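Derivation of every value follows stated rules applied to the coordinates shown; laboratory data play no part. Since we're looking at a predicted model, the values are computed, not measured. Positions of Cβ are backbone-derived with ideal geometry, glycine not excepted, and every protein chain shown enters the neighbour counts.
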Amino acid sequence: MKQNSEGVKYIVLTGPTASGKTSLIVKIARKFPIEVVSCDSRQIYKFMDIGTAKPGRDILNSIKHHLIDIKTPDETYSAFQFYTDAKGLLKKIVEKGKVPIISGGTILYILSLQRGLFRLPDIPEGIRVEIRDKIETLGPEKMHEDLMKVDPERAEKIDPRDRQRIARSLEIFYATGIPHSEWLRKPHVPPIPLKIFSIRVETEILRKRIEERVEDMFKKGWVEEVENLVNMGYNEKSPGFSSVGYREVLEVVRGRLNIDTAMDMIKKKTWQYSRRQRNFIKSLKGVEYIIDEIAIERELERWLEKR
């Protein structure tokens, strides 16, 4: 693509949950012809708006966003799929004369662009269902022990409570007989040049924002949203329910938790998630920390000059 040969990198805006990415995008869109490529692994799901903190309908109507509402809650979506979709979208946005901004807090997706990725094998549905059922029945810690036996190198890099990654690694091994760690050493698709900005927010301010956001989600009807999902046939086995908070709200719907207890649990989990995000952001090469839109606007101006 021409802009890469001229040294202009694709712009990424990231930061922990509740750091203010959406409000910053709104400010930028007032001055520049941008389109957003979302890199949020939760906002891909239809019918899950409140608990995933999707931009409001007014924002989505005024600023073009891609890769939001592209899957139902029972579908999966991999980093490789994101890489492929994002690469095609970036090209199309530029061809329209717009400036793409990749925005979101799923750092694995950003890493897939920055480092490049390998193509994983297709997994037969029977194996996928069997592994997922075992995780629900036996628990992630027991399945992590099984992973340690067949692929200790990969198991050491996965939290024993991380259902999705444990399942994925076991699926790959049982579908191919080759450990996931060995697949990771296979040739990669090429990296995409990025200019990465991350919003910096003081710790206590971020904690307060998270608490206020969780409370606001309940006021907006998070319980009713989950009731609707249950009525549609989705439950804790659906990949979408791995999103922070949805299992707790599901327990409220089932009458096993009261709202105050669920709210406290979700605040704690969201805070823990934001800490992991901040640690992962540190692993991004060349990330520039910002407190406002000025640095990004300079990069956008450079983009337009080079286009």
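Residues Phe197, Phe118, ranked from the fewest to the most other C-beta atoms within 10 Å, line up as Phe118, Phe197. How big is the gap, in Å, between the Cα center of the stretch 35-56 and the Cα center of the stretch 239-307? Using only Cα atoms to place each centre, the spacing works out to 11 Å. The number of Lys pairs in the stretch 110-218 with C-alpha atoms less than 28 Å apart, excluding pairs fewer than 8 positions apart on the same chain, is 9. Projecting the Cα atoms of Met143, Gly104, Pro160 onto the dipole axis of the chain, where Lys and Arg carry +1 and Asp and Glu carry -1 at the beta carbon, places Gly104 farthest toward the positive end.
Each DSSP beta bridge with both residues in the stretch 3-157 is either parallel or antiparallel, and the antiparallel ones are about 0%. Mean separation of Cα pairs under 8 Å and 6 or more residues apart, divided by the residue count, gives the chain a relative contact order of 28 percent. Straightening the chain between Glu95 and Arg254 buys 52.3 nm, computed as 0.36 nm per residue apart minus the Cα-Cα spacing. Net charge in the neighbourhood of Glu35 (other residues with Cβ under 11 Å of its Cβ; Lys, Arg +1, Asp, Glu -1) is +4. Once both labels are positioned 7 Å from their Cα atoms along Cα-to-Cβ, the gap between Lys157 and Ile205 label points is 3.5 nm. Dividing the summed helix terms, -39500 (n - 2.57) for each DSSP H run of n ≥ 4, by the number of residues in the chain produces a 222 nm estimate of -16000 deg cm²/dmol to the nearest 500.
Restricting the calculation to alpha carbons of the stretch 125-183 gives Rg and Dmax of 10.1, 28 angstrom.
Multiplying each eigenvalue of the alpha-carbon gyration tensor of the chain by 5 and taking the square root yields semi-axes of 31, 26, 17 Å, largest first, rounded to whole angstroms.
In this simple spin-label model, placing a label point 7 Å from the Cα along the Cα-to-Cβ direction at both Asn279 and Arg57 gives a separation of 4.0 nm. Each Lys and Arg adds +1 at its Cβ and each Asp and Glu adds -1 at its Cβ; summed about the Cα centre, the chain shows a dipole of about 1080 debye.
Exposed loop sites, defined as GluC sites (Glu not before Pro) outside DSSP H, G, I, E and B with at most 16 other Cβ atoms within 10 Å, are absent from the longest region of the chain, namely 76-155.
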